[in-house]
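Here the structure comes first, spelled out in structure tokens, and everything after it is commentary.
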Amino acid sequence: MIKNLLSAGDLDRTDAIRILDTAEELLGVASRPIKKLPTLRGRTVVNLFFEDSTRTRISFEAAAKRLSADVINFSAKGSSVSKGESLKDTALTLQAMGADAVIIRHHSSGAPHRLAQAKWTNGAVINAGDGTHEHPTQALLDAFTMRRHLAKDGDGSLTGKNVTIVGDVLHSRVVRSNVLLLETLGANVTIVAPPTLLPVGIDHWPVETSYDLDSSLEKADVVMMLRVQAERMNASYFPSAREYSRRYGLDTARLNRLPDHAIVMHPGPMNRGMEITADVADHVRSVIVEQVTNGVAVRMAVLYLLLGGAADETTTDEATTDKDRA
Amino acid sequence: MVASDDAARADSSHAPARTVLDDQDISRALTRITHEILERNRDSAGLVLLGIPTRGVHLARRIARRMSDVEGRDIPAGALDITMYRDDLRLKPARALEHTEIPDDIDGKVVVLIDDVLFSGRTIRAALDALNELGRPKAVQLAVLIDRGHRELPIRADFVGKNLPTSLVERVKVSLDEIDDLDAVAIMGGQA
């Protein structure tokens with residue numbers, strides 16, 4: 001198992017399926033009278049958030065607390081970062097306080113990678129979204145949700161499933177992680193977006209691309225709508241919100257053209273009326289709320305697999321005898 | 001579960017294996033344990049059988065089947081994964097979780113934990129912790145197929161298939177039809 005989770009591409013098929021299988025077992029913890037496991041007792045997890053977030057931060061916090069870890073929440077607003085402290089000094093401060101894991105969200109692509117590679121912290125680094133680069137735990141929870149709905153009895157992968165991802169691909173870190181993970185798990189991905197919102201170099205992604213949403217609906221097992229990221233839009237990528245929503249929004253008419261088993265996903269937060277209509281967002285086939293529930297289980301699985309075992313794998317041999325006797 | 005890990009290693013080193021229980025012996029031991037559990041608790045209504053993965057679960061299912069035959073009604077068996085409660089998690093890389101399945105509310109019930117081999121007692125300690133967070137059973141009892149001694153904690157079994165005195169260098173391998181395609185208990189290693 002890897003030490004840090006920086007990119008969905010770091011996970012091979014075995015690791016990815018292992019995380020999803022572990023999450024499957026941990027999902028049951030939420031329905032117990034005592035929603036807590038003692039596994040990470042005495043470990044410290046730092047939520048290092050340089051960018052606003054509701055669900056990811058709360059989800060990681062809930063996951064860490066359910067595993068009995070101590071959680072320190074850090075947000076850039078109201079911290080020394082606003083006085084000009086660098087990422088390095090912030091990281092060294094956290095290291096001095098003894099963080100076993102740092103969950104980082106940063107507005108710059110590559111910040112988690114820098115944090116892990118520069119050895120500013122000894123703890124595991126988990127990427128909770130960096131710039132327009134990656135958001136691996138979102139991809140894991142999406143794959144987990146797809147698997148629960150579409151591939152319950154399979155070999156744990158998503159082989160042969162057709163996933164259509166629609167919207168602002170250019171600015172989306174969710175889509176980058178999803179494409180990497182879905183390829184690892186064997187799914188076929190179709191990306192639908194206006195030409196202006198497709199990134200340069202998309203020809204090299206293992207996906208099909210299309211400018212037309214209607215043509216890819218009939219064969220889709222999953223439709224994932226991406227948020228139109230108004231805060232990252234500093235140029236006019238499409239003529240008007242109304243035109244975007246007419247051509248690339250998911251409404252009831254389009255929902256009805258999907259196969260009966262297909263599910264609708266959205267990483268949140270949604271712009272109701274823009275990329276998805278309120279009817280579709282609240283439809284029985286929309287699994288958007290379930291994605292949030294699954295997010296906690298998946299993040300518990302990631303924290304457990306990264307932190308739950310021996311910090312140093314070289315101790316394994318001496319420990320074998322002990323384990324045998326348990 | 002643990003015993004089989006041992007076995008995999010012992011096999012590769014070509015250690016001599018000595019079969020101590022065959023399929024008939026295992027079957028008789030399980031039948032006796034079934035009756036002992038029923039006799040001790042008088043009634044199957046308040047009983048919940050929980051096996052500890054992986055082989056304990058299969059043993060629990062077999063005992064549940066026998067109990068259903070005797071009592072004439074369906075008695076379910078569950079599974080209780082104890083991985084997250086182990087005291088040696090920090091000594092090894094994180095391991096995969098097993099399935100936990102609690103068939104019934106355990107509050108006020110008599111829970112019978114079932115495992116293949118009782119050794120240091122640490123697995124059972126972890127299982128007791130896990131149970132604690134699932135509810136408050138009226139009593140917890142322990143049934144094992146093999147008790148091989150060498151306890152490191154004050155834990156004993158209520159129902160034992162066979163007491164097997166072993167030395168610490170020996171390994172006990174329990175094979176069950178559901179996983180290993182045969183029923184047998186063997187001792188490996190040592191001066192066999």
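The values are calculated or read from the model by the stated rules, or taken from the named source; none is laboratory data. Everything numeric here is computed off the predicted structure, so don't read it as measured data. Reconstructed Cβ throughout: ideal geometry from the backbone, glycine too, with neighbour counts over all protein chains shown. Quick note on the areas: whole protein, heavy atoms, side chains included, nothing else; ligands and nucleic acids left out. Shrake-Rupley method; radii C 1.70, N 1.55, O 1.52, S 1.80 Å.
Can you report the number of residues in the stretch B:92-113 which are out of contact with any Lys or Arg (no Cβ under 9 Å at 6 or more places or on another chain), more than 9 Å from chain A (Cβ to nearest Cβ) and crowded, with 21+ Cβ neighbours inside 10 Å?
Final tally of qualifying residues: 2.
Would you call residue B:187 crowded, with 16+ Cβ neighbours inside 10 Å, out of contact with any helix residue (DSSP H, G or I) (no Cβ under 9 Å at 6 or more places or on another chain) and not in a strand (DSSP E or B)? Break it down into steps so the answer makes sense when it comes.
Working: crowded, with 16+ Cβ neighbours inside 10 Å: yes; out of contact with any helix residue (DSSP H, G or I) (no Cβ under 9 Å at 6 or more places or on another chain): yes; not in a strand (DSSP E or B): no.
No, not satisfied.
For residue A:52, are the conditions met, namely being more than 14 Å from chain B (Cβ to nearest Cβ), closer than 15 Å to residue A:135 by Cα and surrounded by fewer than 17 Cβ atoms within 10 Å (Cβ to Cβ)?
Judged against the criteria, residue A:52 is a match.
Checking residue A:36 against (1) over 15 Å from residue A:156 (Cβ atoms); (2) of a type in the set (D, E, K, R); (3) more than 10 Å from chain B (Cβ to nearest Cβ): exactly one of these is not met. Which one?
(3)
Enumerate the pairs (first residue in the stretch B:100-112 and farther than 22 Å from residue B:39 by Cβ; second residue anywhere and open to solvent by 40 Å² or more (accessible area, probe 1.4 Å) and outside any loop (DSSP other than H, G, I, E, B)) with beta-carbon separation below 7 Å, excluding pairs fewer than 6 apart on the same chain, so at least 6 apart or on different chains.
B:100/A:25
Which residue, of A:123, A:167, A:154, is of a type outside the set (Val, Ile, Thr) and surrounded by fewer than 24 Cβ atoms within 10 Å (Cβ to Cβ)?
On inspection, the qualifying residue turns out to be A:154.
Identify, please: which residue in the stretch A:236-256 is over 17 Å from residue A:278 (Cα atoms) and in contact (Cβ under 8 Å) with a residue 24 or more places away in the chain and is, among those, surrounded by the fewest Cβ atoms within 10 Å (Cβ to Cβ)?
Among those that are over 17 Å from residue A:278 (Cα atoms) and in contact (Cβ under 8 Å) with a residue 24 or more places away in the chain, it is A:237.
Give the number of residues within the stretch A:182-213 that are part of a helix (DSSP H, G or I), within 14 Å of residue A:164 (Cα to Cα) and open to solvent by less than 10 Å² (accessible area, probe 1.4 Å).
Number satisfying all stated conditions: 1.
Determine, yes or no, whether residue A:306 is at pLDDT 90 or above and within 14 Å of chain B (Cβ to nearest Cβ).
Criteria met by residue A:306.
Just need a number here: residues in the stretch A:5-23 that are assigned to a loop (DSSP other than H, G, I, E, B) and surrounded by fewer than 20 Cβ atoms within 10 Å (Cβ to Cβ).
Qualifying residue count, the stretch A:5-23: 1.
For the stretch A:237-276, which residues satisfy the criterion of being touching a helix residue (DSSP H, G or I) at 6+ places or on another chain (Cβ under 6 Å) and under 14 Å from residue A:194 (Cα atoms)?
A:237, A:238
Would you be able to tell me the number of residues in the stretch B:47-77 that are within 14 Å of chain A (Cβ to nearest Cβ) and at pLDDT below 95?
Residues that pass the stated criteria total 2.
Provide a single number: the residues in the stretch B:40-57 that are in a helix (DSSP H, G or I) and of a type in the set (S, T, N, Q). Show your work before the answer.
We begin by selecting, within the stretch B:40-57, every residue in a helix (DSSP H, G or I); these are B:40-41, B:55-57.
From what's left, of a type in the set (S, T, N, Q): B:41.
Total meeting the criteria: 1.
Looking only at the stretch B:170-179, decide whether some residue is away from every other protein chain (no Cβ under 11 Å), over 22 Å from residue B:78 (Cα atoms) and not aromatic (Phe, Trp, Tyr).
Yes, the stretch B:170-179 contains at least one residue that is away from every other protein chain (no Cβ under 11 Å), over 22 Å from residue B:78 (Cα atoms) and not aromatic (Phe, Trp, Tyr).
Here's the yes/no breakdown for (1) at positive phi; (2) open to solvent by less than 20 Å² (accessible area, probe 1.4 Å); (3) in contact (Cβ under 8 Å) with a residue 24 or more places away in the chain:
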position: A:36; (1), (2), (3): no, no, yes
position: A:48; (1), (2), (3): no, yes, yes
position: A:85; (1), (2), (3): no, no, no
position: A:104; (1), (2), (3): no, yes, yes
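With more than 21 Å from residue A:245 (Cα to Cα) and either at pLDDT 95 or above or in contact with a His (Cβ under 9 Å, 6 or more places away or on another chain) (or both) as the only criterion, which of A:287, A:280, A:298 stands out?
Criteria check complete, one pass: A:298.
Does the stretch B:68-96 hold any residues that are of a type in the set (Asp, Glu), free of Cβ contacts under 8 Å to residues at least 24 places away in the same chain and in a helix (DSSP H, G or I), and which are they?
Correct list: B:69 only.
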